[in-house]
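Worksheet: the structure to be examined is printed underneath.
The values are calculated or read from the model by the stated rules, or taken from the named source; none is laboratory data. The structure displayed is predicted, hence computed values, not measured ones. Reconstructed Cβ throughout: ideal geometry from the backbone, glycine too, with neighbour counts over all protein chains shown.
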Amino acid sequence: MMKKYYKKFLFTKPNRLHFASHSLHYWPDISEVGHHQAWLDTCEYSDHKWGHFFQNVFPQTQKLIANHLGIKNSQNIAFAPNTHELVFRLLSCFFEQDKIRILTTDCEFYSFDRQVRRIAEWKKAEVIKVPVMPFETFVDRFSEAAQGNFDLIYFSQVFFNNGLALNENDMTKMVDANSKAQICIDGYHAFCALPTSLKNLSKRIYYVAGGYKYAQAGEGLCFMSLPENCQLRPLYTGWFAGMNELSGVKKDLVSYPDDGHRFAGSTFEPTPFYRFNAIWNLFKKDDITIKSIDLHVKNLMKTFVAKVASQKTLLDSAILLNTNEKKRGHFLTYEFSNEEQAIETIAFFEKQSILIDRRGTRIRIGFGAYHDAKDIQLLVDKITINQPISLVS
Ligand SMILES: Cc1ncc(COP(=O)(O)O)c(C=O)c1O
């Protein structure tokens, strides 16, 4: 149904079976038009391109994102080339105090996890991690822990290393457990994949995500929506946050704008904004919604899981971690009992020109808008065991 939007990626490598959509989702052809428009605008506007960009392109991206997430005030959305920069900016708001008390989970992406471990080494942070497993009790355990005294509470909507997803009720319960701390949700594995409404939550939380995965727009476009009346003063701040000071009016204290620019950095590459706008404007025009993509992908995942369960495949010795269809993102995570088995399995996939990825003992198989039932059958056929295959046991 949607293959027609991805002709360039699909025709460039027709034999590649790409099942890593959770990593780099194929880009729709229209993204190339957006990409080129960025070049044309630089030709036309030269040094004035930033004026054009901030007046026309940037607010369009903000509005599209706000619309996807049900955020009322699109101007409260800040941008950076990656989430790390935005989250570090948030962490830096606490650097003037002796210690940052952080509550998080044991399944956060490396970007955040590594950074807070390093700050903890510096003795500037105390980090408490709630285990995500067993997942059935996670929301209750996390909500109980969140009642403590924390500066920052940070968790993912979909966990990157198991594909388990929190729904809106879960997130609301976890957010409501603490009325004082700053709360940040890492929505990277949900943004443009799972229909998400932050209508009630966006006033209270920071929500961080980006363009590289399901938003299909490639690198360089990450964002963070700020809660209402955010008055934090990032220590790590760039001159794009101080545009109102450029006229020469200097105050004693560094001043910050009252919108998303509060968390701005410095000069960045604007091309990804053009790609994102071109894609999601076209999808809007053609009535392709996140809900319709999600439905399509979830159906394919369901078919795959059912087929794998009914025959002998390479995945037989692995355990599917995200079994509950209602609580999973757009990738399936299979866990092997040891890393060698996972490495051997992924090598087999690669030999068959199937692209997936691995995190330790786990392999992740991601499904995207450009797959159809035939691709699923092909994938299953390729991993079905008709003759003995030697795998490390
Ligand atoms: C959950 C999650 N958050 C964030 C990121 C990206 O982090 P960054 O933008 O800092 O590279 C990823 C990338 O895979 C991720 O899986």
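Counting only residues that are closer than 18 Å to Asp372 by Cβ and without any contact (Cβ under 8 Å) to a residue 40 or more places away in the chain, which one in segment 14-44 is farthest from the chain's Cα centre (by Cα)?
Pro14
From Phe53, Phe19, Phe95, Phe109, which residue is aromatic (Phe, Trp, Tyr), assigned by TED's automatic domain parsing to the domain that holds Leu235 and over 22 Å from Asp186 (Cβ atoms)?
Of Phe53, Phe19, Phe95, Phe109, the one residue that is aromatic (Phe, Trp, Tyr), assigned by TED's automatic domain parsing to the domain that holds Leu235 and over 22 Å from Asp186 (Cβ atoms) is Phe53.
Taking Leu91 as meeting all but one of (1) in a helix (DSSP H, G or I); (2) within 15 Å of the chain's Cα centre (by Cα), write down the number of the exception.
Tallying (1) in a helix (DSSP H, G or I); (2) within 15 Å of the chain's Cα centre (by Cα), Leu91 fails exactly one: (2).
What about Val139, is it assigned by TED's automatic domain parsing to the domain that holds Lys180, part of a strand (DSSP E or B) and more than 16 Å from the ligand (Cβ to nearest atom)?
Judged against the criteria, Val139 is not a match.
Return the total of residues in segment 99-127 being part of a helix (DSSP H, G or I) and more than 16 Å from the ligand (Cβ to nearest atom).
Final tally of qualifying residues: 2.
Take the conditions of a type in the set (A, V, I, L, M) and closer than 30 Å to Ile30 by Cβ and apply them to Ala241. Does it pass? Walk me through how you get there before you give the answer.
On the way: of a type in the set (A, V, I, L, M): yes; closer than 30 Å to Ile30 by Cβ: no.
No.
Quick check on Glu219: is it in contact (Cβ under 8 Å) with a residue 60 or more places away in the chain, in the same structural domain as Ile77 (by TED's automatic domain parsing) and either on the phi > 0 side of the Ramachandran plot or within 16 Å of the ligand (Cβ to nearest atom) (or both)?
Details: in contact (Cβ under 8 Å) with a residue 60 or more places away in the chain: yes; in the same structural domain as Ile77 (by TED's automatic domain parsing): yes; either on the phi > 0 side of the Ramachandran plot or within 16 Å of the ligand (Cβ to nearest atom) (or both): yes.
Judged against the criteria, Glu219 is a match.
Every residue, every condition in (1) in contact with a Phe, Trp or Tyr (Cβ under 8 Å, 6 or more places away or on another chain); (2) within 13 Å of the ligand (Cβ to nearest atom), yes or no:
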position	(1), (2)
Leu198	yes, no
Ser202	no, no
Gly211	yes, yes
Ala215	yes, yes
Arg233	yes, no
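Restrict the check to segment 227-235 and report whether at least one residue is in the same structural domain as Ala145 (by TED's automatic domain parsing) and buried (at least 22 other Cβ atoms within 10 Å of the Cβ).
Checked segment 227-235: at least one residue is in the same structural domain as Ala145 (by TED's automatic domain parsing) and buried (at least 22 other Cβ atoms within 10 Å of the Cβ).
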